[in-house]
Amino acid sequence: MRAVFVSCLLAALATSALAEPADTKSTASAFTYSASGTCLASPQGFNARLEPVYTGVAWTMTFASNGSVDDHGAASEVGQFVDTASFGVGPRMHAPAAHAYNSTFSASVSESQDNGAMFRAGAASGTFTAGPTAGKSFGISSFELKRLARRDGADVYGGASPIVQTFSLGDGTKFERVCVLTVTVFPAR
């Protein structure tokens, strides 16, 4: 009788364990990354062909950064970029400059059968640490990139087409930028 009772108890526990859905929380794993790219910036935005609406105020931004993402998806980044002077028709309205910055945002790497592996970065906020805008805050809109390759345990992410982002300064100045960027994700060690 005792063996039957224990068997029934074990069967009941196993049945209830199987009936409960598996834990669907996705636990993020920590990683580091490096990013680089070039953006074309324009205060008036871009047309459907990704050309600046008014080319007299367009300029390029070339950047490089390094960052880390913790187990909760919180990213912190240190980077630098160089602006060219504005180019095109009309008066030049943007001076060349070099900047350094710190920023924070949320980031994740996920895999799905439909889209493959994706790197997603949420909206970033940061502060310039050097250059003509040192001490000023900024914000950048979110983006996502698809995995292009895997090399030596690191994943390389990029876009099949440029990404359009909004860049805003703490003083209310905003502009759009069209970027071609690469992010290399290194696994946690």
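The values are calculated or read from the model by the stated rules, or taken from the named source; none is laboratory data. Because the structure is predicted, anything quoted here is derived from the model rather than measured. All Cβ positions, even for glycine, are placed from backbone atoms using ideal geometry, and neighbour counts span all protein chains on display.
Structure above, values below:
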{"item": "Unmet criterion (only one of (1) touching a residue at least 60 places away in the same chain (Cβ under 8 Å); (2) farther than 17 Å from residue 82 by Cα) for residue 176", "result": "(2)"}
{"item": "Subset of segment 140-168 [closer than 19 Å to residue 106 by Cα, touching a residue at least 40 places away in the same chain (Cβ under 8 Å) and touching a Leu at 6+ places or on another chain (Cβ under 9 Å)]", "result": "155, 157, 164"}
{"item": "Test: residue in segment 82-98 that is in a strand (DSSP E or B), free of Cβ contacts under 8 Å to residues at least 60 places away in the same chain and exposed (fewer than 13 other Cβ atoms within 10 Å of the Cβ)", "result": "yes"}
{"item": "Only listed residue being at negative phi, modelled with pLDDT under 95 and in a strand (DSSP E or B), chosen from 160, 149", "result": "149"}
{"item": "Failed condition for residue 138, given (1) within 23 Å of residue 171 (Cβ to Cβ); (2) in contact with a Ser or Thr (Cβ under 6 Å, 6 or more places away or on another chain)", "result": "(2)"}
{"item": "Options 119, 87: the member that is in contact with a strand residue (DSSP E or B) (Cβ under 9 Å, 6 or more places away or on another chain), farther than 19 Å from residue 188 by Cβ and not small (Gly, Ala, Ser)", "result": "87"}
{"item": "One residue from 109, 183 being crowded, with 18+ Cβ neighbours inside 10 Å, at pLDDT 95 or above and not hydroxyl-bearing (Ser, Thr, Tyr)", "result": "183"}
